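The values are calculated or read from the model by the stated rules, or taken from the named source; none is laboratory data. Small disclaimer: the values here were computed from a predicted structure and weren't measured. Cβ placement follows ideal geometry from the backbone for every residue including glycine, while neighbour counts extend to all protein chains displayed.
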């Protein structure tokens, strides 16, 4: 019996640091907006921009840098004048873990902070063009539910996804519609641009379609988050079905890999009502101009950031700038108290 008691005390002693209450910090630094890009190309400043660089240069350059326990290896939290920025890493696990780790760091006070998820993705035919920027009103998890292989379907169907309500606590999130409306009213008339190469790329992919060659716009939409980087008309049909099934207030607009995971983390922390998603389109969610799965994912090495991308033409850098034009209006409104 004594050995059992001693062993129990040893185990309890070993676990006690893990079970302790979170550390408290006197006068934690107040954060007004946390910006969450997913990746950066190279350095945070001074080279070809990814999702973070424009925001870093405008709001965080010269600020403080902090290591975050539980965050993405090697990434820093940048903080300056009420603005914080953290590059979460790509994919749902990285995004949710990074977001949670940052928000639970006792050195900072996020109690009134807005959370701005920003980045790029692939977007829906007929509703979008490359270069568009979106204010998302809902997020959906592409992977939750049931996916069938079309070769095993017993009936002809455009879709191969089946809803399972047991996942609904995490499979979608409708964002704060008052906040979405306020943000959209601020940014809907922002002038954003495309390139001639991208416009020609879209025209070749969808000949005779007026929607494909329109000027880029700031739009409302629903985003669908998947760890599976998919493409194609059938998966696009699945995304549209999900958007309809979950009652999203705006059309399916984009596929990406993080936003719903961040939404779930924020919901569990009681912060979902202050969540803003701003994304830009750098490619379409279907195969275009002769590309196919074998060619695109097994036959070539292609970077969306290349000006000769077989998926993105030369829109990447322009779309990043479009995103910042829209997102900076939102950040400025948060900082001056008008949002």
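Summary of computed values
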| read-out | value |
| --- | --- |
| Residue match in segment 294-304 (condition: part of a loop (DSSP other than H, G, I, E, B), at positive phi and either touching a residue at least 40 places away in the same chain (Cβ under 8 Å) or in contact with a strand residue (DSSP E or B) (Cβ under 9 Å, 6 or more places away or on another chain) (or both)) | no |
| Residue within segment 168-176 that is over 25 Å from residue 135 (Cα atoms), crowded, with 16+ Cβ neighbours inside 10 Å and in contact with a strand residue (DSSP E or B) (Cβ under 9 Å, 6 or more places away or on another chain) present | no |
| Every residue from segment 198-228 that is loosely packed, with under 13 Cβ neighbours inside 10 Å and either touching a strand residue (DSSP E or B) at 6+ places or on another chain (Cβ under 6 Å) or modelled with pLDDT under 95 (or both) | 228 |
| Residue tally, condition crowded, with 21+ Cβ neighbours inside 10 Å and touching a helix residue (DSSP H, G or I) at 6+ places or on another chain (Cβ under 6 Å), over segment 298-318 | 2 |
| Condition check for residue 110: within 19 Å of residue 284 (Cα to Cα), touching a strand residue (DSSP E or B) at 6+ places or on another chain (Cβ under 7 Å) and at pLDDT 95 or above | no |
| First in segment 179-201 and more than 24 Å from residue 213 (Cβ to Cβ), second anywhere and in a helix (DSSP H, G or I), Cβ under 8 Å, 6 or more apart | 179/273; 179/274; 183/330; 186/329; 186/330; 186/333 |
| Identity of the residue in segment 75-86, over 12 Å from residue 34 (Cβ atoms) and touching a strand residue (DSSP E or B) at 6+ places or on another chain (Cβ under 9 Å), that ends up surrounded by the fewest Cβ atoms within 10 Å (Cβ to Cβ) | 80 |
| Residue in segment 55-69 that is within 23 Å of residue 321 (Cα to Cα) and within 18 Å of the chain's Cα centre (by Cα) present | yes |
| Residue 35 being within 19 Å of the chain's Cα centre (by Cα), closer than 22 Å to residue 91 by Cα and at pLDDT 95 or above | yes |
| Residue under evaluation residue 142, criteria (1) buried (at least 18 other Cβ atoms within 10 Å of the Cβ); (2) closer than 30 Å to residue 233 by Cα; (3) more than 15 Å from the chain's Cα centre (by Cα), criterion not met | (3) |
| Residue within segment 272-291 that is modelled with pLDDT under 95 and either crowded, with 17+ Cβ neighbours inside 10 Å or in contact with a strand residue (DSSP E or B) (Cβ under 7 Å, 6 or more places away or on another chain) (or both) present | yes |
| Among the candidates 43, 51, residue that is without any contact (Cβ under 8 Å) to a residue 12 or more places away in the chain, more than 20 Å from residue 273 (Cβ to Cβ) and either buried (at least 17 other Cβ atoms within 10 Å of the Cβ) or out of contact with any strand residue (DSSP E or B) (no Cβ under 9 Å at 6 or more places or on another chain) (or both) | 43 |
| Among (1) in contact (Cβ under 8 Å) with a residue 12 or more places away in the chain; (2) under 16 Å from residue 319 (Cα atoms), the one test that residue 164 misses | (2) |
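Residue-wise test of (1) in a helix (DSSP H, G or I); (2) over 23 Å from residue 84 (Cβ atoms); (3) touching a residue at least 60 places away in the same chain (Cβ under 8 Å); (4) touching a helix residue (DSSP H, G or I) at 6+ places or on another chain (Cβ under 6 Å).
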{"site": "260", "(1), (2), (3), (4)": "yes, no, yes, no"}
{"site": "264", "(1), (2), (3), (4)": "yes, no, yes, yes"}
{"site": "278", "(1), (2), (3), (4)": "no, no, yes, yes"}
{"site": "289", "(1), (2), (3), (4)": "no, yes, yes, yes"}
